[in-house]
Structures are given as structure tokens and as C-alpha cells.
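Enquirer: Okay, handing you the structure first.
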Ligand SMILES: Cc1cc2nc3c(=O)[nH]c(=O)nc-3n(C[C@H](O)[C@H](O)[C@H](O)COP(=O)(O)OP(=O)(O)OC[C@H]3O[C@@H](n4cnc5c(N)ncnc54)[C@H](O)[C@@H]3O)c2cc1C
Ligand code: SF4
Ligand code: SF4
């Protein structure tokens, strides 16, 4: 059935589509919007309760220092409202089978929200009464959230959901909700769709720094990740200031350890994550703005400032006072007051030195997110040597994959920054459009 669906982001009615886009980060949104603007019918699915991927959680963006939320939220809203895009959140793909006629038959699993989506007004009355306090994954565990919650304040759709694993079924939210939209009877919904093409835009995973025990992440409270620092710096931040976790003190001597989980075979990721040098440099500039008296020291191995305006951005950070040390950090240890001692080799002087900081930020790397290949049942979506989606014709058609009719966009192909992700998503939309036109 070739119906264009109405502009209602969580559809009751599912029909057949020109393209299934998997993942609604900036790559999936961009490919979906481009194709929808060309008149194609797009089904966009996202496993999380909100669209926006990692970008919607960032502070500002290098090298322009534009506010990430200001750039991304108009795109997020356009995606959610476009008449040619049907959006399903909390939805994953169970299987994709390529039929003899070239169409793809996809089985989707829409997880229950336990909230009637069309009735929820996002008033958060339920959150206020819920007695459960648990870790907030969208604030990277810097603060807590309730068992019934709106993921973050610029979430789209801005609808509550219940984290049923932590819910104690006390029913307080159900009694309080003015719209009577809490519904504990919701079940998993299996949805069958036929699509002519697929775009994989499943993005990247963050490296878990607990895998490098010598840096003390998870053991020393004042060792945090760069993603946690993004949240501390974001306009939608959990605190009203930059705080160190152990005692809420404003840090005055902050260290960054670059290449945490990148270019390091010992932790299973030998490639460069492309963005960490620049996002750390961005955070240093933002920190110097927020905390003018703070010392910021960057322990790096090599600086990768290869993009347009990147080297100037790096020089700007140094001019502002960020101190760059070419040094490999061997270990981090903790003093009684929560301050941290870094033991490192200064690569320029060859000396092993120690330095003291009151907050350490680990510039964590980007990892491939290859789980999606398992859903392709009778065809093989091939991976490259680093577990990203293989681009068999990288030089001429970088969006093409090993399966005809399946394309790839953004960091599902390799680590990259936002401008490159947008370009990759545009290329995926162009390839998909060409493929669809040749089918008809
Ligand atoms: C700390 C940090 C700071 C950064 N700062 C900057 C910066 O200042 N400037 C810049 O240019 N870049 C920056 N980046 C890089 C930027 O985050 C990426 O370029 C961008 O987010 C890539 O977007 P994406 O859509 O490819 O991936 P993602 O943002 O990872 O989006 C992928 C989406 O797919 C969803 N998904 C995954 N699997 C499935 C599935 N099976 N089914 C359904 N949905 C699925 C995910 O939930 C997610 O929403 C930074 C990165 C980090 C880690
Ligand atoms: S579930 Fe009810 S109480 Fe909670 S945000 Fe939605 S309308 Fe408000
Ligand atoms: S029923 Fe669950 S989500 Fe609702 S208030 Fe009680 S613990 Fe919180």
C-alpha cells in the first residue's frame, strides 16, 4: 500500500515503505529528511525513547563552538513532524529477509513504554511521585532519575516511559497522572513491514574506560569520561556549575588523557577515533570560559587536527592557556582528599614525571556497533577489519554495503565528526534515491 502517512510521529498504522532507516542519530535523521523531501516514504526506527543520538546530548560543537542542541533540535523536530517520515521509538529490528523480488521483509519489535503515547502531555507529575531512584543513563550516571521519567528535557518525543526493571509497581504514578495514560498492560508489539531499501545508521558505542584499570575509572570518583564532561558543560546540564563528583568542589586543575581506548591494541581498538583530540580541545576552551582560574592540561600522544579550521581551533586553545603535554600516562592514583596523581612519560624530554590534578577527564574513543549485522537473515552485511560496516566501494560509492539495496550512513561506517556524518548521510540518501528510481 503506497499511502503517505499523516504527520503524527508515533503511528498506529504501519504500512509499506520505500526505505527503512535504522537509527535516529544525526545520520539517520539527515538521510530520512533528504529522502522524505524527495517524496519517498521513510520508516525511521530508534531503539531509545528519544531520537537525536549522541549529538543531542553534547554541549557545543568543534570547531565553531555552536550550541549542539540549537543545531540539532530543529532537525529533530523536522524529522518527528515530516509527513513522509513515520517514526517509531523504543523499536528494534528482529530480522530482515531479502525476498526473491528484491524487497526486504522486516520484523520489528516495539518495546512497551507503559505510557499511552498519544495521551501523555509530558507534565512530569508522575516523576514527582515515583519513589524509585536509579541511575540516569542520559546524564551518564552523574545524577539519578525516577523509574518513570522523561529521558531528558529536550527529548523528542517528550513522552514519559517506565523503566519496568526498576519499577516497584507501587502505582503512585498511575494515580497521579492527570491524563490517565499510565498503562501497565502494554506488551511488546511485533510489526511486519515490507521495504524497498534499508539505511543502516546505527552509530557508534563509547569505549568503556573501566577496561583500562590503571586510569581508575569506576574506582576514583574524580576520574570521569569526556561524555560526562559534555553533560556538565551542556546547556541542559545536570548541575548549574562544573563540579567534581566526590565532593561537589569546583575543580581548579583539570587533566585530559587523550586516546583512552583508541590507537591501543591492548584494549582491542587499534584505530584512531578521529574526534577525541578536537572534542577535548573544545571542552578545554569551554572550561576556560566557565572556570577562568582553572589550569587545563592535555596529555596527548599525537594531535589529530586534520579538518577545516581544526588546527586554528587547536592553536586557539593554546592561546587561551590550555597546556598540551606530549606524554603517555602510565597510571592514575588517588590521594586521601580525592585529588589525583598522574604518572606519565614526557615524550619530548623522555622523563617520567608525576603531576597532581583535582579532576581527570578520559577522552574516550568511539567503537563500532556491529550488532545490527545479526538481523540480516538470508544475506550478509559484511564488516571491515575494525568491525564497522564494510564499504566495498569506498572510493566511489561510500554508502554502498555488501547487500544490494542496503546502504550505510554516519559513524556506522567509521569514527567521524558531525560535518562528515552529515555528508555521509547525504551520500546514503542520494545512493538510496538512485536505487529506488531504478527499481520503479
Ligand atoms: C564526547 C564526544 C564529544 C563529541 N563532540 C563533537 C563535536 O564537538 N563536534 C563534532 O563534529 N562531533 C563531535 N562528536 C562526534 C559526534 O557525536 C558524532 O559524529 C555523531 O554523533 C555521529 O552521529 P551518528 O548518527 O552516526 O551516530 P549516533 O549519534 O551514535 O546515533 C546512532 C543512533 O542509532 C541508534 N541505534 C543503534 N542501534 C540501533 C538499532 N539496532 N535499532 C535502532 N536504533 C539503533 C542509537 O540509539 C542512536 O540514537 C563527539 C563525540 C563524543 C563521544
Ligand atoms: S505519564 Fe501522565 S503524569 Fe507522566 S508526564 Fe505523561 S501525562 Fe504527565
Ligand atoms: S509504579 Fe513504578 S514508575 Fe510508577 S511510581 Fe511506582 S515505582 Fe515509580
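The values are calculated or read from the model by the stated rules, or taken from the named source; none is laboratory data. All figures in this text were calculated on a predicted structure; none of them were measured in a lab. Cβ atoms come from the backbone with ideal geometry, glycine included; neighbour counts cover every protein chain shown.
Enquirer: Here is a check on your reading of the model: is residue 153 outside the structural domain of residue 243 (by TED's automatic domain parsing), within 16 Å of ligand 1 (Cβ to nearest atom) and either in contact (Cβ under 8 Å) with a residue 60 or more places away in the chain or under 30 Å from residue 243 (Cα atoms) (or both)?
Expert: No; evaluated as a whole, the condition is false for this residue.
Enquirer: Just to be sure I understand, how many residues within region 62-96 are within 17 Å of the chain's Cα centre (by Cα) and either assigned to a loop (DSSP other than H, G, I, E, B) or closer than 13 Å to residue 151 by Cβ (or both)?
Expert: The number of residues fulfilling the criteria is 4.
Enquirer: Further question: Within the bounds of region 148-165, is there any residue that is surrounded by 18 or more Cβ atoms within 10 Å (Cβ to Cβ) and farther than 19 Å from residue 46 by Cβ?
Expert: Taking every residue of region 148-165 in turn, at least one turns out to be surrounded by 18 or more Cβ atoms within 10 Å (Cβ to Cβ) and farther than 19 Å from residue 46 by Cβ.
Enquirer: For region 413-431, which residues satisfy the criterion of being farther than 22 Å from residue 369 by Cα and buried (at least 21 other Cβ atoms within 10 Å of the Cβ)?
Expert: Answer for region 413-431, where residues must be farther than 22 Å from residue 369 by Cα and buried (at least 21 other Cβ atoms within 10 Å of the Cβ): just 431.
Enquirer: Of all residues being in contact with a helix residue (DSSP H, G or I) (Cβ under 7 Å, 6 or more places away or on another chain) and in a helix (DSSP H, G or I) in region 168-201, which is farthest from ligand 2 (Cβ to nearest atom)? Just the residue, please.
Expert: If we take residues in region 168-201 being in contact with a helix residue (DSSP H, G or I) (Cβ under 7 Å, 6 or more places away or on another chain) and in a helix (DSSP H, G or I), then 172 is farthest from ligand 2 (Cβ to nearest atom).
Enquirer: Could you pull out the residue among 332, 352, 348 that is in contact (Cβ under 8 Å) with a residue 60 or more places away in the chain and either loosely packed, with under 14 Cβ neighbours inside 10 Å or in contact with a strand residue (DSSP E or B) (Cβ under 8 Å, 6 or more places away or on another chain) (or both)?
Expert: On inspection, the qualifying residue turns out to be 332.
Every residue, every condition in (1) free of Cβ contacts under 8 Å to residues at least 60 places away in the same chain; (2) touching a strand residue (DSSP E or B) at 6+ places or on another chain (Cβ under 9 Å), yes or no:
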| residue | (1), (2) |
| --- | --- |
| 256 | no, yes |
| 294 | yes, yes |
| 327 | yes, yes |
| 337 | yes, no |
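Enquirer: Moving to a separate point now. Of all residues in region 143-167, which are more than 23 Å from residue 59 (Cβ to Cβ) and not in a loop (DSSP other than H, G, I, E, B)?
Expert: Passing the criteria: 148, 161, 162.
Enquirer: List the number of the failed condition for residue 231; all other conditions in (1) in a loop (DSSP other than H, G, I, E, B); (2) modelled with pLDDT of 95 or more hold.
Expert: Every listed condition holds for residue 231 apart from (1).
Enquirer: Hey, another quick one. Report, by residue number, each residue of region 43-61 that is crowded, with 24+ Cβ neighbours inside 10 Å and either part of a strand (DSSP E or B) or within 16 Å of ligand 3 (Cβ to nearest atom) (or both).
Expert: Matches in region 43-61: 43, 44, 45.
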